[in-house]
Amino acid sequence: MSDPSNEQRQTAAAAPAGGCLIGGTPPATPEDLLARLEALGIAQASVEHPPVFTVAEAKALRGELPGAHIKNLFLRNKKGAMWLVTCLEDRRIDLKDLGERLGAGRLSFGSAERLMHYLGVLPGAVTPFAVINDHGGAVTVALDRALLERDPVNCHPLTNTRTTAIAARDLVRFLEAEGHPPQIIEFGEG
């Protein structure tokens with residue numbers, strides 16, 4: 001992926017959502033997400049930071065932020081089925097192998113438009129929390145098993161200008177509460 005221009009960075013940072021969901025409604029805001037976590041009794045800690053678009057940028061900015069750090073892949077197959085794969089940030093992912101593991105066939109990255117329509121986030125802000133916007137259950141979530149063994153798990157809260165840490169078990173509980181019980185994928189050594 002090419003490095004976003006300064007204009008793209010400012011736009012992404014200024015607009016936590018920047019579009020509409022498939023039904024034409026605005027996506028949830030970071031504040032909506034944090035309120036949902038609170039309603040579910042899920043403890044979290046959030047920090048603000050300049051916008052980050054890549055794992056390398058996140059590593060450079062986070063300093064000593066403890067816990068698991070993730071990357072998120074928004075994928076689709078030829079039939080239009082979609083997956084959100086959340087794994088440890090340094091995982092090397094072979095899309096062909098992953099497609100076989102998921103029973104998805106050949107996978108490719110979903111477009112920014114599709115990402116907004118179904119998960120309500122912009123590229124650079126992809127997060128498992130985005131299922132809060134997938135009211136129709138169109139996206140299947142897959143989690144790296146190694147994430148379940150680390151605490152906390154650090155995720156963007158629908159924007160790439162913050163990081164929110166929650167317990168791994170609470171991430172699973174949130175996904176289940178949103179109607180997206182995750183498929184757990186074994187990638188090997190983390």
Review point. So Leu143 clears everything in (1) within 15 Å of Ala68 (Cα to Cα); (2) modelled with pLDDT of 95 or more; (3) part of a helix (DSSP H, G or I) except one condition, right? Which one?
Key: (3)
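Confirm whether Leu84 is assigned to a strand (DSSP E or B), under 11 Å from the mean Cα position of the chain (by Cα) and hydrophobic (A, V, I, L, M, F, W, C).
So Leu84 passes the test.
Name the residues in the stretch 149-166 that are farther than 25 Å from Gly23 by Cβ and either polar (S, T, N, Q) or crowded, with 17+ Cβ neighbours inside 10 Å (or both), would you?
Listed by number, the residues that qualify are Arg150, Pro152, Val153, Asn154, Thr161, Arg162, Thr163, Thr164, Ala165, Ile166.
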Check your understanding: Could you give every pair whose Cβ atoms fall below 7 Å, whose first residue belongs to the stretch 145-161 and is farther than 16 Å from Ile185 by Cα, and whose second residue is of a type in the set (Lys, Arg), counting only separations of at least 6 or pairs across chains?
Key -> His156/Arg162
Review point. Which number in (1) within 20 Å of Pro27 (Cβ to Cβ); (2) out of contact with any His (no Cβ under 9 Å at 6 or more places or on another chain) marks the one condition that Ser108 misses?
Key: (1)
Review point. Got at least one residue in the stretch 114-129 being surrounded by 19 or more Cβ atoms within 10 Å (Cβ to Cβ), aromatic (Phe, Trp, Tyr), modelled with pLDDT of 95 or more and over 11 Å from the mean Cα position of the chain (by Cα)?
Key: yes
Check your understanding: For the stretch 92-136, how many residues meet the condition of being over 14 Å from Ala81 (Cα atoms) and either small (Gly, Ala, Ser) or in a strand (DSSP E or B) (or both)?
Key -> 5
Review point. Which of the residues spanning the stretch 35-50 are part of a loop (DSSP other than H, G, I, E, B) and either within 12 Å of Thr159 (Cα to Cα) or among the charged types (D, E, K, R) (or both)?
Key: His49, Pro50
Review point. When both residues are 6+ apart or on different chains and their Cβ atoms are under 8 Å apart, which pairs have a first residue that lies in the stretch 45-72 and is of a type in the set (Phe, Trp, Tyr), and a second that is at pLDDT 85 or above?
Key: Phe53/Pro123; Phe53/Gly124; Phe53/Asn160
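The values are calculated or read from the model by the stated rules, or taken from the named source; none is laboratory data. Being a predicted model, the structure only gives us computed values, none of them experimental. So basically every Cβ, Gly included, is an ideal-geometry build from the backbone, and we count neighbours across all protein chains shown.
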